[in-house]
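Since the structure comes first, as structure tokens, the remarks are kept for the end.
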Amino acid sequence: MQRLEAEIERLLAHPHFDHAAHRLAQGFLAVQAVAPRLASQFSTQQRWLMSHAALSLYFRALAVGRPGLSRREFVEEVLAHGLASRNTAAAFFAETLQYGLTQPTTVHAGLVRPAPATLQALMQWYAIHLAARDSLDGGASAARLQDTGESILLRLEPATADALLSCETIRVPPPSYAVFASVDEGGSLMDHLIAGIDLSTAREAERTLTNVTSISALARPLNLSRTHAGRTLAEAEAMGGIGWSGARGRSPIWLSRRFRDEYARFQAAKLAIIGAAFAQAMVAIEPDGPGKTTAIRAVREIAESPAC
């Protein structure tokens, strides 16, 4: 078993991992409530991976003194990883400019950079994941992230993006998870369901009730139509991932054990990747800092296991 896969299994075996996954879902929803337009860029699997591809290119360019990335190199990066077609990648690039998620650089024509709000949200995204890891390992990574500031992104984001883009668990999510991850705002719909589960239910229970009863109430915070949300839930229901405990629309929705396990594994893969990438970045920033031995071990593991 590869080392990164072993770390995923270690995290999943933690008795409080369900609480960590629940905490992640709540954190994602908090970002969505504050910055819905930005969150929508991450709400489908394809957009999320393209966003990381773009951010990685930007920080790599910044590291060699170029303050932005071009549409051409972004499109080529997307094609190289098989994330989308040329037209889809170009449309995504234009959309980030249209909605102010990226902005033209003032020095080099044709180059763009993430808007300040985008970088702040990226830092918050890392903080959410590192805090979840800390809750399992008793670490202080989230606090160390805050201390370093955005400068750490120069090393952290490229390492994270490379691992995400090469990890099969991330690139090819399992069936029930994929139902949500493939549609607009589907990720946020899924997070709402996970955030609403009853954590007192045993992990081995085949069904776990949520506090969600109404499709309209589920869709409203996301500015989705009831039809769109209902269609997504119906597809998940047909696969056995979710269902209603009583009358449809008037009783709590339950989530199957398989669906919860799929969500948990996807989150564990991200935590494993981000934890190793953060350790790698901290070794570069603080070569003699606290936890050096542990960090070096994590760096070696991610280097030896580029895919999971």
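Quick one: is Arg60 outside any helix (DSSP H, G or I) and within 16 Å of Glu157 (Cβ to Cβ)?
Answer is no for this residue.
In this structure, Glu237 does not qualify as surrounded by 15 or more Cβ atoms within 10 Å (Cβ to Cβ), over 25 Å from Pro15 (Cβ atoms) and under 16 Å from the mean Cα position of the chain (by Cα). Of all residues in the stretch 204-231, those satisfying the criterion of being buried (at least 19 other Cβ atoms within 10 Å of the Cβ) and within 20 Å of Val31 (Cβ to Cβ) are Val212, Leu218, Ala219, Leu222, Leu224, Ala229.
Results for (1) touching a residue at least 12 places away in the same chain (Cβ under 8 Å); (2) surrounded by fewer than 16 Cβ atoms within 10 Å (Cβ to Cβ); (3) in contact with a Phe, Trp or Tyr (Cβ under 6 Å, 6 or more places away or on another chain); (4) closer than 16 Å to Ile273 by Cβ, shown as yes or no for each residue.
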residue: Ala109; (1), (2), (3), (4): no, yes, no, no
residue: Ser135; (1), (2), (3), (4): yes, no, no, no
residue: Gly138; (1), (2), (3), (4): no, yes, no, no
residue: Glu150; (1), (2), (3), (4): yes, yes, no, no
residue: Thr160; (1), (2), (3), (4): yes, no, no, yes
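From the residues in the stretch 172-231 that are hydroxyl-bearing (Ser, Thr, Tyr) and under 21 Å from the mean Cα position of the chain (by Cα), which one is farthest from Thr44 (Cα to Cα)? Ranking the qualifying residues of the stretch 172-231, first place goes to Ser176.
Does the stretch 36-54 contain at least one residue that is under 17 Å from Ser151 (Cα atoms), crowded, with 16+ Cβ neighbours inside 10 Å, within 22 Å of the chain's Cα centre (by Cα) and among the basic types (Lys, Arg)? No, the stretch 36-54 has no match at all.
Residue count for the stretch 1-35 under the criterion of being outside any helix (DSSP H, G or I) and surrounded by 18 or more Cβ atoms within 10 Å (Cβ to Cβ): the result is 0.
Taken as a whole, the condition of being touching a strand residue (DSSP E or B) at 6+ places or on another chain (Cβ under 7 Å), of a type outside the set (D, E, K, R) and farther than 25 Å from Gly196 by Cβ does not apply to Ala6. For Ser85, the test of being within 28 Å of Leu222 (Cβ to Cβ), surrounded by 19 or more Cβ atoms within 10 Å (Cβ to Cβ) and among the hydroxyl-bearing types (Ser, Thr, Tyr) is failed.
Being in a helix (DSSP H, G or I), under 23 Å from Ala277 (Cβ atoms) and either touching a Pro at 6+ places or on another chain (Cβ under 7 Å) or among the charged types (D, E, K, R) (or both) is a property that holds for Glu73. All conditions but one from (1) of a type outside the set (Gly, Ala, Ser); (2) under 30 Å from Ala63 (Cβ atoms); (3) modelled with pLDDT of 80 or more; (4) touching a Leu at 6+ places or on another chain (Cβ under 8 Å) apply to Cys308; the one that does not is (3). Among the residues of the stretch 180-201, those identified as within 15 Å of Ala21 (Cβ to Cβ) and of a type in the set (A, V, I, L, M) are Met190, Leu193, Ile194, Ala195, Ile197, Leu199.
The values are calculated or read from the model by the stated rules, or taken from the named source; none is laboratory data. The model shown is predicted, which means the values in this text are computed figures rather than measured ones. Reconstructed Cβ throughout: ideal geometry from the backbone, glycine too, with neighbour counts over all protein chains shown.
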